[in-house]
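Student: Let me begin by handing over the structure; questions about it come next.
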Amino acid sequence: MVTTDEKGPLTAKKKSVIIRSCDGDEFLVSESAAVLSTSLKKILEEKEDRLIHLSDIDNKTLAMVIAYLSTHADDGLSDDLKRSFDQEFVSGKEFDVLKYLVLATDTLQVTCLCYTVAKKMADIMKNKLVEWVRREFDIQNDYTPEAEAEIRRLDAWAWDDRQLEDD
Amino acid sequence: MQFHACRLTETTRDNRRVSSGPREKQAEFDVPMEVLELILSQLSLRDNIRASVVCKSWLAVAVSIRRANRPPWLMFFPKYGELYEFYDPSRRKIYRLELPELRGSRICYAKDGWLLLCRPDTRGVFFFCPYTREMIELPKLRLVDQIVAFSSAPTSLNCVLFTIEHVSNSVIAIATCRPGETRWSIVNYDCCMPFYSSIRNKIVFCNGRFFCLSVTGAIGAYDPEKCTWIVLSVGPPKCMMFFSVHHYWRANFMAEHDGDIFIVCTCSSINPFIYKLDLVHGVWVEMESLGDMTFFANFLSSRVMTDILGKIGSNVCFSKV
């Protein structure tokens, strides 16, 4: 809900912007929601253009970010409701989905969501095998076997007493 | 599937690798440094160390944000003389310090780098910081078989001292004081439920209230703002249920961490029992493990810490065996 209050010219009238994903789909977003992203806010302040093209964010990820922004721009929702929305927002999401979300929210500078997603990713990474992490992030191991063994030996206690998971 | 960094074409952010040209070597690892930092900084010390084995760039980030806590030192009071010993478990080293100002005193409680001590012969009560040797005197108080605790460092604004004295099975007396005050305020409270207060009480300050565990496993809470005392309708944890004087060798320890209250009970079994207080359901929930916490058990004031470097993490540590 956008009201004509002292929030300044940007939110004075219910204006909308169009955001286009890298797959070409367009989303109509209220300006009050868009400006919750620091990057989008900067673009809107710099130019009159009502169409913003995000060449690196796909449809699915963009739709999720916009759902988040619209919920947080809704003045009718209490902070408690928004907090529980945030928790539900990340729960049950695949690690793969979260990876794209964390990058998109970092690019769009949606600090709060970026933090929440990073925390959820860290929760999933808990007690996982190093091989699992490498696979999920698609990382090539650049250690020599000797160098890796040496690091494992230095803090052997971090590996010794727990069952680590591989899925 | 490749994990590409998304980039806004229409914004320029100075600290980004926007114009870094072809990056074949990093193609498969394209998480911006600040995002990786954000994710790794949420990991426990154990997971952080494991993450450093992923690849060289993860090692650099993991090490740069690694927080490792050192276990608390143990302080030993001398039987004679004024030479106090401080034992650092992480280095297995003993430091000795002459502290004549502590002569004739005994320890009551320790928290936030401060010790609370009393002098039984003069009824004096005072704070002492062993690092700076700063001393803060408090009004005198007669202490009879009771534990005194404090909420936070005496230099903080909302420091309160708290002690509870047994009057009868249905009446207890609570004494409170704030640094700078000239006398203790002592108030009697009737308990609807029996609460046997003794020197074996355990006291922690948590979410604005002092929680006091009695030797029979009853738990009461005192709110220093509202000056209210209630005995909570929480049954004793399983291994404290059948208390008798013959179980004098049994011990329990209570500590607070991050808004939660934990107790450790030593019974006849090899491993101690660990419980967490569930205030909503009014029960002590038995825990299978401490996870990333380390419980430093002490008769007077126990402590829970996370991210302790080395083998003692995830254990219960006793000050003497």
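Student: Placing +1 on the Cβ of each Lys and Arg and -1 on the Cβ of each Asp and Glu in chain A, which of A:VAL102, A:ILE18, A:ASN141 has its Cα farthest towards the positive end of the resulting dipole?
Tutor: Highest projection toward the positive end goes to A:ILE18.
Student: Note down the relative contact order for chain A as a percent, whole number, built from C-alpha pairs under 8 angstrom at least six residues apart.
Tutor: 18
Student: Given axes a ≥ b ≥ c from the Cα gyration tensor, I'd like to know whether the range B:234-321 is rounded (a/c under 1.5), prolate (a/b larger than b/c) or oblate.
Tutor: oblate
Student: Could you work out the longest stretch of chain A that avoids the trypsin sites (Lys or Arg not before Pro) located in DSSP loops with at most 13 other Cβ atoms within 10 Å?
Tutor: Between the exposed loop sites, the longest stretch runs A:51-161.
Student: So what is the relative contact order for the range B:192-310, in percent, with contacts set as C-alpha pairs under 8 Å and at least six apart?
Tutor: Once normalised by length, the contact order is 19 percent.
Student: Could I ask something else about it? List the pairs from A:LYS120/B:LYS311; A:LYS128/B:LYS276; A:LYS82/B:LYS311 whose alpha-carbon separation is above 32 Å, in the order I gave them.
Tutor: A:LYS82/B:LYS311
Student: Using a cut-off of 12 Å between alpha-carbon atoms, which aspartates and glutamates can reach B:LYS56, once sequence neighbours fewer than 8 places away in the same chain are excluded?
Tutor: Hits, sequence-local ones excluded: A:ASP142, A:GLU148.
Student: Quick one: what are the phi-derived ³J(HN,Hα) couplings along the range B:176-181, Karplus 6.51/-1.76/1.60 with θ = phi - 60°, whole Hz, x for glycine and proline?
Tutor: Rounded to whole hertz, the list is 10, 7, 10, x, x, 6.
Student: Sticking with this structure for a sec: Cα axis of helix A:95-107 to longest principal axis of chain A: angle in degrees, 0 to 90, nearest 10?
Tutor: 50
Student: Counting GluC sites (Glu not before Pro) as exposed when in a DSSP loop with at most 15 other beta carbons within 10 Å, what is the longest stretch of chain A free of them?
Tutor: Of all site-free stretches, the longest is A:95-167.
Student: Also, quick follow-up: Report the Stokes-Einstein translational diffusion coefficient (µm² s⁻¹, integer) for the range B:193-236, Rh taken as the Kirkwood radius over Cα pairs, at 37 °C with viscosity 0.692 mPa s.
Tutor: Approximately 311 µm²/s, per Stokes-Einstein.
Student: Also, quick follow-up: Long-range amide H contacts for B:VAL171: which residues qualify at under 5 Å (H placed 1.01 Å from N, peptide plane, sequence gap of 5 or more or a different chain)?
Tutor: So B:VAL171 has HN proximity to B:CYS191.
Student: Could you derive backbone 3J(HN,Hα) for the range A:27-39 from the dihedral phi with the Karplus parameters 6.51, -1.76 and 1.60 (θ = phi - 60°), listing whole Hz in sequence and x where the residue is Gly or Pro?
Tutor: Going residue by residue, I get 10, 8, 10, 5, 5, 5, 7, 4, 6, 5, 8, 4, 5 Hz, with x marking Gly and Pro.
Student: Report the Rg/Rh value for chain B, based on alpha-carbon coordinates and the Kirkwood definition of Rh.
Tutor: My calculation of the ratio gives 1.08.
Student: Continuing with this model, one more query. Identify the chymotrypsin sites (Phe, Trp or Tyr not before Pro) of the range B:110-149 meeting these criteria: DSSP loop state and at most 10 other C-beta atoms within 10 Å of the C-beta.
Tutor: Qualifying residues, ordered by number: B:TYR131.
Student: Taking a 1.4 Å probe, which of A:LEU69, B:LEU83 shows the most accessible area, and what order do the others take after it?
Tutor: B:LEU83, A:LEU69
Student: Rounded to the nearest 20 debye, what is the charge dipole size of the protein assembly as shown about its Cα centre when +1 sits on each Lys and Arg Cβ and -1 on each Asp and Glu Cβ?
Tutor: Here the protein assembly as shown has a charge dipole of around 1940 debye.
Student: Restricting the calculation to Cα positions, tell me the Rg (one decimal) and the Dmax (whole number) of the range A:9-125 in Å.
Tutor: Radius of gyration, then largest Cα-Cα span, for the range A:9-125: 14.0, 44 Å.
Student: Now for a separate question. Scan around B:SER319 for amide H atoms under 5 Å from its own, H built in the peptide plane at 1.01 Å from N, and keep only partners 5 or more places away or cross-chain.
Tutor: For B:SER319, the qualifying residues are B:ALA297.
Student: Taking amide H positions as placed in the peptide plane 1.01 Å from N, state which residues far from B:MET287 in sequence (5 or more) or on other chains have amide H under 5 Å from it.
Tutor: Distant-sequence amide H within range of B:MET287: B:ILE274, B:TYR275, B:LYS276.
Student: Enumerate the calculated ³J(HN,Hα) couplings along the range B:210-216 in order (Karplus 6.51 cos²θ - 1.76 cosθ + 1.60, θ = phi - 60°), each rounded to whole Hz, writing x wherever the residue is Gly or Pro.
Tutor: Rounded to whole hertz, the list is 8, 9, 10, 9, 8, 5, 8.
Student: Further question on the same structure: Starting at 0 and stepping by 10 Å, how many percent of the alpha carbon pairs of the protein assembly as shown end up in each bin?
Tutor: Once binned at 10 Å, the Cα pair distances of the protein assembly as shown give 3, 16, 20, 19, 17, 15, 8, 2, 0.
The values are calculated or read from the model by the stated rules, or taken from the named source; none is laboratory data. Because the structure is predicted, anything quoted here is derived from the model rather than measured. Quick reminder, even Gly has a Cβ in these numbers, built from the backbone with ideal geometry, and neighbours come from all protein chains shown. These accessible areas exclude ligands, DNA and RNA; they are computed on the full protein's heavy atoms, side chains included. Shrake-Rupley method; radii C 1.70, N 1.55, O 1.52, S 1.80 Å.
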